[in-house]
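Visitor: Sharing a structure, written as structure tokens. Questions coming.
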Amino acid sequence: MLFLRGQRAYALYILISTIIQEAILIVGLLLILPYFGVNVPIWVVVMVSLGWAVWSYIGYTLGANVLARKPVSGIDAMVGAMCRTTTPLSPRGYVRAGSELWKAYSSRAHVDADVDVMIVEVKGLIVHVAPLTDTGNGPVASIPNTSRDEQHSSIDWCN
């Protein structure tokens, strides 16, 4: 099952594991407990099995929602995030992204302090930002359409 990926693999895993769990539950209630002198009525077996199936479905639904979410950590999650300049960028300075202070580089010649900017690229520990509003000094923020490998192999502006 390791070769399958995505939601279909998750659904298959949940289906197979639920069938196995239900089989173990029924064997336990109908074969093992009577061996020890505990007789369970059939309606209890049906209700417990249905309850277990509902519990498995709830677990599947919650798990599928969590797995479908986009990761919210790491460098890839920073691209497109809004932040605010803490020093003027001309073109280098600092921005605050969340509660963190990052070195920043702006494609524009000058960006004032306390201006909202968007992170368009991350190289090492320096974020490349662009202002959100057009002040006539160049293009407004847009995320470059390059892969991460292309970003790391391009000219190094971090030094």
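Visitor: Out of residues 5 or more away from Thr87 or on other chains, whose amide H comes under 5 Å of its own, with H placed 1.01 Å from N in the peptide plane?
Guide: HN-HN under 5 Å from Thr87: Tyr94, Asp114.
Visitor: Label-point separation (nm) for Ala81 and Ser99, each offset 7 Å from Cα along Cα-to-Cβ?
Guide: 1.3
Visitor: Ok, one more. Translational D (Stokes-Einstein, µm²/s) of the stretch 7-68 at 25 °C and 0.890 mPa s when Rh comes from the Kirkwood sum over C-alpha pairs? Walk me through the intermediate numbers first.
Guide: On the way: Rh = 12.8 Å.
It diffuses with D of about 191 µm²/s by this estimate.
Visitor: Continuing with the same structure: Rounded to the nearest 0.05, what FRET efficiency do Val44 and Ile20 give with R0 = 22 Å and r taken as the Cβ-Cβ distance? Could you check?
Guide: The pair Val44/Ile20 has a calculated efficiency of 0.60.
Visitor: Amide H neighbours of Ser107 under 5 Å, counting only residues 5+ apart in sequence or on other chains, H built in-plane at 1.01 Å?
Guide: It is Val129, by chain and number.
Visitor: Next up: With θ taken as phi - 60° and the coefficients 6.51, -1.76 and 1.60, list the Karplus ³J(HN,Hα) couplings across the stretch 53-58 in order, rounded to whole Hz; mark glycine and proline as x.
Guide: 5, 5, 4, 5, 5, 4
Read the figures in this text as sums done on the coordinates, not as results from a lab. In this text the structure is predicted, and so the values were computed from the model without any measurement. Reconstructed Cβ throughout: ideal geometry from the backbone, glycine too, with neighbour counts over all protein chains shown.
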